[in-house]
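Visitor: Here it is: the structure, laid out below.
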Amino acid sequence: MNKKISLSGIQPSGRPHIGNYFGMMKQLISHQEEFDVYALIVDYHAMKSVRNPAEMKENIINVVLDYLALGLDSKKVTFFKQSDVSEHTELCWIFDTITTMPYLMRAHAFKDAQAKNKEIDVGTFNYPVLMAADILLYNPDIIPVGADQKQHVEISRNIAEKFNNTFGETFKLPEAMIMKEMAVIPGTDGRKMSKSYNNTIPLFAEYEEIKKCVMSIVTDSGGGIPQNVFAIHKLFRNENELKKIYEEKAGKYKELKEMLIEDLEKFIAPLRERRKEFAKDIPKALAVLREGGEKAKKVASKKMDEIREKIGVKVY
Ligand code: TRP
(Lines give C-alpha, C1' and ligand atoms only; values in the text may rest on other atoms or scores of the structure.)
Protein backbone atom coordinates (compact mmCIF):
# COMPACT_ATOMS: atom_id res chain seq x y z
CA MET A 1 0.00 0.00 0.00
CA ASN A 2 1.36 3.37 -0.96
CA LYS A 3 1.63 5.85 1.88
CA LYS A 4 0.65 9.45 1.33
CA ILE A 5 3.49 11.91 1.10
CA SER A 6 3.87 14.73 3.61
CA LEU A 7 6.42 17.49 3.08
CA SER A 8 7.62 20.01 5.65
CA GLY A 9 10.00 22.95 5.40
CA ILE A 10 12.08 23.69 8.48
CA GLN A 11 13.60 27.10 9.07
CA PRO A 12 17.12 26.86 10.49
CA SER A 13 16.56 29.75 12.83
CA GLY A 14 18.14 29.05 16.16
CA ARG A 15 16.99 27.48 19.35
CA PRO A 16 13.52 25.92 19.32
CA HIS A 17 11.08 26.48 22.19
CA ILE A 18 8.19 24.43 23.47
CA GLY A 19 5.82 26.46 21.28
CA ASN A 20 7.69 25.26 18.19
CA TYR A 21 7.57 21.75 19.56
CA PHE A 22 3.82 21.59 20.12
CA GLY A 23 3.21 23.53 16.93
CA MET A 24 5.21 21.76 14.30
CA MET A 25 8.05 19.57 15.49
CA LYS A 26 5.92 17.06 17.33
CA GLN A 27 3.63 16.66 14.36
CA LEU A 28 6.48 16.16 11.98
CA ILE A 29 7.87 13.38 14.16
CA SER A 30 4.49 11.69 14.51
CA HIS A 31 3.88 11.91 10.75
CA GLN A 32 6.81 9.61 10.15
CA GLU A 33 4.66 6.67 11.26
CA GLU A 34 1.80 7.48 8.94
CA PHE A 35 3.27 9.15 5.86
CA ASP A 36 6.24 9.14 3.59
CA VAL A 37 7.85 12.28 4.97
CA TYR A 38 10.14 14.75 3.26
CA ALA A 39 11.57 17.24 5.73
CA LEU A 40 13.84 19.86 4.31
CA ILE A 41 15.88 22.47 6.07
CA VAL A 42 15.24 25.59 4.03
CA ASP A 43 18.67 27.15 4.26
CA TYR A 44 18.30 29.14 1.04
CA HIS A 45 15.05 30.60 2.30
CA ALA A 46 16.81 31.49 5.55
CA MET A 47 19.33 33.61 3.65
CA LYS A 48 16.82 36.40 3.62
CA SER A 49 17.53 36.87 7.33
CA VAL A 50 20.83 35.08 8.06
CA ARG A 51 23.85 36.62 6.37
CA ASN A 52 26.55 35.37 8.67
CA PRO A 53 28.11 32.08 7.48
CA ALA A 54 29.12 30.93 10.96
CA GLU A 55 25.60 31.50 12.20
CA MET A 56 24.10 29.73 9.18
CA LYS A 57 26.32 26.71 9.74
CA GLU A 58 25.56 26.58 13.43
CA ASN A 59 21.83 26.88 12.80
CA ILE A 60 21.88 23.99 10.34
CA ILE A 61 23.79 21.74 12.74
CA ASN A 62 21.45 22.68 15.55
CA VAL A 63 18.33 21.80 13.60
CA VAL A 64 19.79 18.39 12.78
CA LEU A 65 20.61 17.71 16.44
CA ASP A 66 17.17 18.94 17.53
CA TYR A 67 15.29 16.61 15.21
CA LEU A 68 17.49 13.61 15.89
CA ALA A 69 17.01 14.15 19.62
CA LEU A 70 13.24 14.25 19.10
CA GLY A 71 13.38 10.86 17.41
CA LEU A 72 13.38 11.64 13.71
CA ASP A 73 14.06 8.32 12.03
CA SER A 74 16.09 8.75 8.87
CA LYS A 75 14.77 5.46 7.54
CA LYS A 76 11.26 6.87 7.55
CA VAL A 77 11.99 10.51 6.76
CA THR A 78 13.98 11.94 3.89
CA PHE A 79 15.72 14.59 5.98
CA PHE A 80 17.82 16.97 3.91
CA LYS A 81 18.70 20.53 3.18
CA GLN A 82 17.50 22.56 0.27
CA SER A 83 20.99 23.65 -0.78
CA ASP A 84 21.99 20.02 -1.38
CA VAL A 85 19.40 19.62 -4.12
CA SER A 86 20.06 22.26 -6.78
CA GLU A 87 16.83 21.32 -8.56
CA HIS A 88 14.96 23.53 -6.08
CA THR A 89 16.53 26.76 -7.33
CA GLU A 90 16.43 25.54 -10.91
CA LEU A 91 12.72 24.85 -10.80
CA CYS A 92 12.22 28.17 -9.03
CA TRP A 93 13.51 29.91 -12.16
CA ILE A 94 11.18 27.99 -14.43
CA PHE A 95 8.26 28.90 -12.18
CA ASP A 96 9.40 32.52 -12.20
CA THR A 97 8.82 32.66 -15.90
CA ILE A 98 5.15 31.68 -15.56
CA THR A 99 4.36 33.76 -12.46
CA THR A 100 3.42 37.42 -12.70
CA MET A 101 4.67 40.21 -10.47
CA PRO A 102 1.19 41.55 -9.66
CA TYR A 103 0.24 38.07 -8.46
CA LEU A 104 3.20 37.83 -6.07
CA MET A 105 2.64 41.40 -4.93
CA ARG A 106 -0.64 40.30 -3.42
CA ALA A 107 1.08 37.89 -0.99
CA HIS A 108 0.65 38.87 2.70
CA ALA A 109 4.28 38.22 3.54
CA PHE A 110 5.42 40.49 0.73
CA LYS A 111 3.01 43.24 1.71
CA ASP A 112 4.16 43.06 5.33
CA ALA A 113 7.82 43.17 4.31
CA GLN A 114 7.13 46.06 1.97
CA ALA A 115 5.34 48.01 4.69
CA LYS A 116 8.43 47.71 6.87
CA ASN A 117 11.15 48.03 4.28
CA LYS A 118 11.02 49.78 0.96
CA GLU A 119 14.36 48.35 -0.21
CA ILE A 120 12.95 44.83 -0.29
CA ASP A 121 15.21 42.21 -1.89
CA VAL A 122 14.24 40.07 -4.86
CA GLY A 123 14.69 36.92 -2.75
CA THR A 124 12.03 38.04 -0.31
CA PHE A 125 9.71 38.85 -3.19
CA ASN A 126 10.37 35.49 -4.79
CA TYR A 127 10.19 33.51 -1.57
CA PRO A 128 6.86 31.78 -2.33
CA VAL A 129 8.11 30.61 -5.72
CA LEU A 130 11.11 28.83 -4.20
CA MET A 131 8.71 27.31 -1.70
CA ALA A 132 6.53 26.10 -4.57
CA ALA A 133 9.58 24.40 -6.07
CA ASP A 134 10.42 22.79 -2.69
CA ILE A 135 6.97 21.33 -2.61
CA LEU A 136 6.17 20.40 -6.18
CA LEU A 137 9.38 18.48 -6.90
CA TYR A 138 8.23 15.66 -4.62
CA ASN A 139 4.53 15.30 -5.49
CA PRO A 140 3.42 15.51 -1.87
CA ASP A 141 -0.20 15.08 -0.79
CA ILE A 142 -0.11 17.24 2.30
CA ILE A 143 1.90 20.18 3.57
CA PRO A 144 1.67 20.66 7.34
CA VAL A 145 2.12 24.37 8.06
CA GLY A 146 1.10 27.07 10.48
CA ALA A 147 -1.80 29.31 9.49
CA ASP A 148 0.66 32.01 8.40
CA GLN A 149 1.87 29.75 5.58
CA LYS A 150 -1.54 28.86 4.21
CA GLN A 151 -1.32 31.46 1.47
CA HIS A 152 2.10 30.18 0.40
CA VAL A 153 0.70 26.69 -0.12
CA GLU A 154 -2.13 28.25 -2.11
CA ILE A 155 0.46 29.99 -4.30
CA SER A 156 2.16 26.62 -4.86
CA ARG A 157 -1.14 25.17 -6.02
CA ASN A 158 -1.72 28.07 -8.38
CA ILE A 159 1.75 27.77 -9.85
CA ALA A 160 1.24 24.02 -10.31
CA GLU A 161 -2.04 24.64 -12.10
CA LYS A 162 -0.54 27.30 -14.30
CA PHE A 163 2.29 24.96 -15.28
CA ASN A 164 -0.09 22.05 -15.88
CA ASN A 165 -2.32 24.23 -18.06
CA THR A 166 0.60 25.53 -20.05
CA PHE A 167 2.74 22.42 -20.49
CA GLY A 168 0.46 19.48 -19.67
CA GLU A 169 -0.29 17.54 -16.49
CA THR A 170 2.95 17.46 -14.47
CA PHE A 171 2.30 18.37 -10.86
CA LYS A 172 -0.11 17.11 -8.25
CA LEU A 173 -1.86 19.89 -6.31
CA PRO A 174 -0.82 19.70 -2.65
CA GLU A 175 -3.17 20.34 0.28
CA ALA A 176 -2.18 22.49 3.24
CA MET A 177 -2.72 20.84 6.61
CA ILE A 178 -3.10 23.73 9.03
CA MET A 179 -1.71 23.07 12.47
CA LYS A 180 -4.06 24.98 14.70
CA GLU A 181 -2.22 24.72 17.99
CA MET A 182 0.59 26.77 16.60
CA ALA A 183 -0.99 30.12 17.39
CA VAL A 184 -2.33 29.40 20.83
CA ILE A 185 0.71 28.18 22.72
CA PRO A 186 1.23 31.00 25.17
CA GLY A 187 4.56 32.38 26.28
CA THR A 188 5.61 33.41 29.77
CA ASP A 189 3.84 36.75 29.36
CA GLY A 190 0.58 35.27 28.05
CA ARG A 191 1.13 36.39 24.45
CA LYS A 192 1.89 33.81 21.77
CA MET A 193 5.20 32.09 22.52
CA SER A 194 7.69 33.65 20.13
CA LYS A 195 11.37 34.42 20.09
CA SER A 196 10.63 37.97 19.06
CA TYR A 197 8.64 38.54 22.26
CA ASN A 198 11.35 37.08 24.47
CA ASN A 199 8.78 34.95 26.28
CA THR A 200 9.88 31.42 25.40
CA ILE A 201 10.75 28.26 27.27
CA PRO A 202 13.52 26.56 25.24
CA LEU A 203 12.79 22.97 24.31
CA PHE A 204 16.21 21.72 25.39
CA ALA A 205 16.61 24.02 28.40
CA GLU A 206 18.80 23.10 31.34
CA TYR A 207 17.07 22.75 34.71
CA GLU A 208 18.19 26.14 35.96
CA GLU A 209 16.91 27.78 32.81
CA ILE A 210 13.53 26.07 33.11
CA LYS A 211 13.31 27.40 36.65
CA LYS A 212 14.12 30.91 35.57
CA CYS A 213 11.58 30.86 32.73
CA VAL A 214 8.77 29.49 34.90
CA MET A 215 9.46 31.91 37.73
CA SER A 216 9.17 34.73 35.20
CA ILE A 217 5.67 33.70 34.07
CA VAL A 218 3.35 36.64 34.58
CA THR A 219 0.65 35.65 37.08
CA ASP A 220 -2.70 37.25 36.58
CA SER A 221 -4.97 36.40 39.48
CA GLY A 222 -8.24 35.15 38.03
CA GLY A 223 -9.75 33.64 41.20
CA GLY A 224 -6.38 32.44 42.43
CA ILE A 225 -5.74 30.41 39.29
CA PRO A 226 -2.69 31.77 37.45
CA GLN A 227 -3.96 31.49 33.88
CA ASN A 228 -0.62 31.78 32.13
CA VAL A 229 0.93 29.07 34.29
CA PHE A 230 -2.07 26.83 33.71
CA ALA A 231 -2.04 27.38 29.94
CA ILE A 232 1.53 26.14 29.67
CA HIS A 233 1.06 23.42 32.26
CA LYS A 234 -1.82 21.79 30.43
CA LEU A 235 0.51 20.88 27.59
CA PHE A 236 2.15 18.42 29.95
CA ARG A 237 -0.73 16.99 31.96
CA ASN A 238 -4.32 15.97 31.60
CA GLU A 239 -6.37 19.16 31.72
CA ASN A 240 -9.10 17.95 34.09
CA GLU A 241 -6.67 16.47 36.54
CA LEU A 242 -4.72 19.71 36.42
CA LYS A 243 -7.82 21.85 36.96
CA LYS A 244 -8.52 20.04 40.21
CA ILE A 245 -4.98 20.57 41.44
CA TYR A 246 -5.09 24.26 40.54
CA GLU A 247 -8.41 24.68 42.35
CA GLU A 248 -7.09 22.96 45.46
CA LYS A 249 -3.99 25.11 45.41
CA ALA A 250 -5.74 28.34 44.48
CA GLY A 251 -3.58 31.34 45.24
CA LYS A 252 -0.46 29.26 45.91
CA TYR A 253 1.42 30.53 42.88
CA LYS A 254 4.83 29.50 44.04
CA GLU A 255 3.78 25.92 44.66
CA LEU A 256 2.03 25.67 41.28
CA LYS A 257 5.05 27.07 39.51
CA GLU A 258 7.31 24.59 41.27
CA MET A 259 5.07 21.80 40.08
CA LEU A 260 5.29 23.09 36.52
CA ILE A 261 9.08 23.24 36.79
CA GLU A 262 9.16 19.57 37.79
CA ASP A 263 6.78 18.56 34.99
CA LEU A 264 8.81 20.48 32.44
CA GLU A 265 12.02 18.92 33.70
CA LYS A 266 10.50 15.44 33.46
CA PHE A 267 9.58 16.12 29.86
CA ILE A 268 12.71 17.98 28.78
CA ALA A 269 15.48 16.05 30.58
CA PRO A 270 15.44 12.92 28.37
CA LEU A 271 15.33 15.03 25.20
CA ARG A 272 18.15 17.21 26.45
CA GLU A 273 20.27 14.16 27.25
CA ARG A 274 19.62 12.57 23.86
CA ARG A 275 20.60 15.79 22.17
CA LYS A 276 23.87 15.87 24.10
CA GLU A 277 24.61 12.33 22.94
CA PHE A 278 24.12 13.27 19.28
CA ALA A 279 26.18 16.42 19.76
CA LYS A 280 29.18 14.29 20.71
CA ASP A 281 29.56 13.18 17.11
CA ILE A 282 28.47 15.97 14.79
CA PRO A 283 29.94 14.48 11.59
CA LYS A 284 27.85 11.38 12.21
CA ALA A 285 24.73 13.46 12.74
CA LEU A 286 25.43 15.41 9.57
CA ALA A 287 25.89 12.19 7.60
CA VAL A 288 22.16 11.61 8.12
CA LEU A 289 21.50 14.91 6.38
CA ARG A 290 23.90 14.19 3.55
CA GLU A 291 22.37 10.79 2.88
CA GLY A 292 18.92 12.37 2.97
CA GLY A 293 20.15 14.85 0.37
CA GLU A 294 21.30 12.03 -1.88
CA LYS A 295 17.92 10.35 -1.62
CA ALA A 296 16.03 13.58 -2.31
CA LYS A 297 18.33 14.41 -5.22
CA LYS A 298 17.36 11.17 -6.99
CA VAL A 299 13.66 11.97 -6.75
CA ALA A 300 14.14 15.62 -7.68
CA SER A 301 16.40 15.00 -10.65
CA LYS A 302 13.96 12.49 -12.10
CA LYS A 303 11.16 15.02 -11.75
CA MET A 304 13.35 17.73 -13.28
CA ASP A 305 13.98 15.51 -16.25
CA GLU A 306 10.26 15.21 -16.81
CA ILE A 307 9.90 18.99 -16.47
CA ARG A 308 12.67 19.70 -18.99
CA GLU A 309 10.97 17.36 -21.40
CA LYS A 310 7.66 19.16 -20.89
CA ILE A 311 9.07 22.63 -21.51
CA GLY A 312 11.02 21.50 -24.56
CA VAL A 313 14.63 22.11 -23.52
CA LYS A 314 15.43 18.43 -23.53
CA VAL A 315 16.77 17.95 -27.05
CA TYR A 316 18.88 14.85 -26.37
N1 TRP B 1 7.88 29.25 4.26
C2 TRP B 1 7.97 28.31 5.35
C3 TRP B 1 8.06 29.08 6.67
O4 TRP B 1 8.40 30.24 6.66
C5 TRP B 1 9.17 27.43 5.21
C6 TRP B 1 9.14 26.60 3.97
C7 TRP B 1 9.96 26.71 2.89
C8 TRP B 1 8.26 25.52 3.71
N9 TRP B 1 9.69 25.74 1.99
C10 TRP B 1 8.65 25.00 2.44
C11 TRP B 1 7.20 24.95 4.41
C12 TRP B 1 7.96 23.92 1.89
C13 TRP B 1 6.52 23.87 3.85
C14 TRP B 1 6.91 23.36 2.58
O15 TRP B 1 7.86 28.50 7.71
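Visitor: Among the listed residues PHE236, PHE204, PHE163, which satisfies the condition of being more than 16 Å from the ligand (Cβ to nearest atom), modelled with pLDDT of 95 or more, more than 27 Å from MET131 (Cα to Cα) and open to solvent by less than 70 Å² (accessible area, probe 1.4 Å)?
Guide: Testing whether each residue is more than 16 Å from the ligand (Cβ to nearest atom), modelled with pLDDT of 95 or more, more than 27 Å from MET131 (Cα to Cα) and open to solvent by less than 70 Å² (accessible area, probe 1.4 Å) leaves just PHE204.
Visitor: Considering only residues of the stretch 248-270 that are open to solvent by 50 Å² or more (accessible area, probe 1.4 Å) and within 30 Å of the chain's Cα centre (by Cα), which is farthest from ARG237 (Cα to Cα)?
Guide: Here the answer is PRO270.
Visitor: On the basis of being in contact with a Lys or Arg (Cβ under 6 Å, 6 or more places away or on another chain) and crowded, with 17+ Cβ neighbours inside 10 Å, does LEU137 make the cut?
Guide: Taking the combined requirement at face value, the residue satisfies it.
Visitor: So, one more: Quick one: which of ASN158, ASN199 is polar (S, T, N, Q) and either open to solvent by 40 Å² or more (accessible area, probe 1.4 Å) or assigned by TED's automatic domain parsing to the domain that holds VAL42 (or both)?
Guide: None of the others qualify; the one that does is ASN158.
Visitor: For the list (1) surrounded by 15 or more Cβ atoms within 10 Å (Cβ to Cβ); (2) in the same structural domain as PRO16 (by TED's automatic domain parsing), I need the number of the one condition that ALA287 fails.
Guide: (1)
Visitor: Can you tell me how many residues within the stretch 214-229 are in a helix (DSSP H, G or I) and open to solvent by 20 Å² or more (accessible area, probe 1.4 Å)?
Guide: 3
Residue-wise test of (1) at pLDDT 95 or above; (2) of a type outside the set (Phe, Trp, Tyr).
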| position | (1), (2) |
| --- | --- |
| LEU72 | yes, yes |
| LYS81 | yes, yes |
| SER86 | yes, yes |
| THR89 | yes, yes |
| CYS92 | yes, yes |
| ASP96 | yes, yes |
| THR99 | yes, yes |
| TYR103 | yes, no |
| ARG106 | no, yes |
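Visitor: Between ASP43, ASP36, ASP84, ASP73, which is within 25 Å of THR200 (Cα to Cα) and among the charged types (D, E, K, R)?
Guide: After ruling out the rest, the residue left standing is ASP43.
Visitor: Next question, about the same structure. Mind listing just one residue for me: the one in the stretch 1-17 that is within 19 Å of VAL50 (Cβ to Cβ) and not in a loop (DSSP other than H, G, I, E, B) and, of those, most open to solvent (accessible area, probe 1.4 Å)?
Guide: It comes out as GLY9.
Visitor: Which of (1) more than 15 Å from the ligand (Cβ to nearest atom); (2) open to solvent by 10 Å² or more (accessible area, probe 1.4 Å); (3) at pLDDT 95 or above; (4) over 30 Å from VAL122 (Cα atoms) is the odd one out, the single condition SER30 does not satisfy?
Guide: Tallying (1) more than 15 Å from the ligand (Cβ to nearest atom); (2) open to solvent by 10 Å² or more (accessible area, probe 1.4 Å); (3) at pLDDT 95 or above; (4) over 30 Å from VAL122 (Cα atoms), SER30 fails exactly one: (3).
Conditions tested, residue by residue: (1) open to solvent by 10 Å² or more (accessible area, probe 1.4 Å); (2) more than 12 Å from the ligand (Cβ to nearest atom); (3) more than 29 Å from ASP305 (Cα to Cα).
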site: PHE110; (1), (2), (3): yes, yes, yes
site: GLN114; (1), (2), (3): yes, yes, yes
site: ASN117; (1), (2), (3): yes, yes, yes
site: VAL122; (1), (2), (3): yes, yes, no
site: ALA132; (1), (2), (3): no, no, no
site: GLN151; (1), (2), (3): yes, no, no
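Visitor: Working only within the stretch 79-134, note down all residues that are over 19 Å from the mean Cα position of the chain (by Cα) and among the hydroxyl-bearing types (Ser, Thr, Tyr).
Guide: Hits for the stretch 79-134 are SER86, THR89, THR97, THR99, THR100, TYR103.
The values are calculated or read from the model by the stated rules, or taken from the named source; none is laboratory data. Only a predicted model underlies this, so the values are computations on that prediction, with no experimental measurement involved. Using ideal geometry, Cβ is built from the backbone for each residue, glycine included, and neighbour counts are taken over all protein chains shown. Protein only, heavy atoms only, side chains kept; ligands, DNA and RNA dropped before computing areas. Shrake-Rupley method; radii C 1.70, N 1.55, O 1.52, S 1.80 Å.
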